[in-house]
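I have placed the structure first, in the form of structure tokens, so that the comments after it can refer back to it.
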Amino acid sequence: MKLASLKGGQDGRLVVVSRDLTRATEATHLAPNLQRVLDNWDIFAPALADLAESLEHGSVPSFRFHEHDCAAPLPRAYQWVDGSAYVNHVELVRKARGAELPESFWTDPLMYQGTSDSNLGPRDPVPVASEDFGIDCEAEVAVITGPVRAGVSTSDAARAIRLVMLVNDVSLRNLIPSELAKGFGFLQSKPPTAFSPVAVTPDELGEAWDGGKVKLPLLTTVNGRMLGCPEAGEEMTFEFPALIAHAAKTRPLGPGTIVGSGTVSNRDPDGSPGRPVSEGGRGYSCIAEQRMVEAIRDGAPKTPFMRFGDVVRIEMKDSKGHSIFGAIEQRMEPAGMGGT
């Protein structure tokens, strides 16, 4: 099934969405919001699945589904933790900061905890105080979990995955080096994150879901121009069960915890960092990677970070070309000019 939260109230209004993303039906008679469902998954999920099936058959009242009416599936979540499962991405952005990649990064996931009390909807603008902060998009996949006990095994962590969605993990690149130099992690350089219009149960992905990752390209455009289409199912060093187990090593995770994959990133077949789409490569899921490749090849980056008025679009399509999660499409705006 596909679930969305329409704007209205602090936690949105729960609806079930058709597989083709054209229609929706109210689900508030079952549960007022998605967090309530996640708190009581075994009770609400079967009823919502029945409602989804009725929607497909046209046997319940429905209305036209518009992605711009959506808040994030979880407008506010108890927890948002983001891994860096694609080590190629970590290696490139660390090179951009003049930092080497420790060998442990290939065996122990990198993860940070971001803001989760003000998640952005898929069409919300990205408010930033200054272009000088170095505005960048980061296209990712994320899962939403049920309750996870501390010290969970990887196999048990896999059973905690409830829903899958897409992410724009906004980064302010020019603020990152000085923050990390303090040795205490991200704060100001990681503003609110945006999520796709719908979150889907893993079965909706069919063969593209193997229990640990999504095996489809993740498409990112900036101002209508393709930035990247890397394969999310390739070179994911740490799959979602491993990321969940890492996050829960010393503490439990409450239902509704969002776990991100980190920026989806592929090398070229010859092992090089990856070519831009314009040269026949799969491109990149963030501008920082493209800039680093330019620095390696040309001696200096030439692609600027995003400016006010720029628009990023992030989407994933199935094998038939149909959008699965709907699209994140966001304009960069000066803070106080329509952003939250």
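The values are calculated or read from the model by the stated rules, or taken from the named source; none is laboratory data. Computed from a prediction, not measured in an experiment: that's the story for all the values here. Backbone-built Cβ (ideal geometry, glycine too); neighbour counts: all protein chains shown. These accessible areas exclude ligands, DNA and RNA; they are computed on the full protein's heavy atoms, side chains included. Shrake-Rupley method; radii C 1.70, N 1.55, O 1.52, S 1.80 Å.
Listed values, structure above:
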item: Counted residues, the stretch 282-310 - those being at positive phi and either in a helix (DSSP H, G or I) or under 19 Å from the mean Cα position of the chain (by Cα) (or both); result: 1
item: Any chance Gly233 is within 24 Å of Asp39 (Cα to Cα) and at pLDDT 95 or above; result: no
item: Hits in the stretch 262-276 - residues which are open to solvent by 60 Å² or more (accessible area, probe 1.4 Å) and among the hydrophobic types (A, V, I, L, M, F, W, C); result: none
item: Any pair with Cβ under 7 angstrom, 6 or more apart, that starts in the stretch 117-141 at a residue that is farther than 25 Å from Asn266 by Cα and ends at one that is of a type in the set (Lys, Arg) and open to solvent by 10 Å² or more (accessible area, probe 1.4 Å); result: Asp117/Arg76; Ser118/Arg76; Asn119/Arg76; Gly121/Lys7; Pro125/Arg331; Glu131/Arg307
item: Sole exception among (1) open to solvent by less than 20 Å² (accessible area, probe 1.4 Å); (2) farther than 19 Å from Val90 by Cα for Ala288, by number; result: (2)
item: So Glu279, is it crowded, with 24+ Cβ neighbours inside 10 Å and among the charged types (D, E, K, R); result: no
item: Within the stretch 157-210, considering residues that are aliphatic (A, V, I, L, M) and modelled with pLDDT under 95, the one nearest to Trp80 (Cα to Cα); result: Leu187
item: Complete set of residues in the stretch 25-51 that are under 19 Å from Asn119 (Cβ atoms) and open to solvent by 20 Å² or more (accessible area, probe 1.4 Å); result: Pro32, Asn33, Gln35, Arg36, Asp39
item: The stretch 12-24: number of residues that are open to solvent by 60 Å² or more (accessible area, probe 1.4 Å) and of a type outside the set (Asp, Glu); result: 3
item: Wholly within the stretch 1-102, strands (runs of 3 or more DSSP E) carrying at least 1 residues that are β-branched (Val, Ile, Thr) and at pLDDT 95 or above; result: 13-17, 23-26, 79-83
item: Which numbered condition Ser189 misses (of (1) open to solvent by less than 10 Å² (accessible area, probe 1.4 Å); (2) not in a loop (DSSP other than H, G, I, E, B)); result: (2)
item: Candidates Ser272, Ser319, Ser278, filtered to the one that is of a type in the set (Ser, Thr, Tyr) and within 28 Å of Ala4 (Cβ to Cβ); result: Ser319
item: Of all residues making up the stretch 311-340, the number that are on the phi < 0 side of the Ramachandran plot, part of a loop (DSSP other than H, G, I, E, B) and open to solvent by 30 Å² or more (accessible area, probe 1.4 Å); result: 7
item: Strands (runs of 3 or more DSSP E) completely within the stretch 108-153 that count 1 or more residues being hydrophobic (A, V, I, L, M, F, W, C), open to solvent by 10 Å² or more (accessible area, probe 1.4 Å) and within 28 Å of Thr237 (Cβ to Cβ); result: 111-113
item: Leu21 being on the phi > 0 side of the Ramachandran plot and touching a strand residue (DSSP E or B) at 6+ places or on another chain (Cβ under 9 Å); result: yes
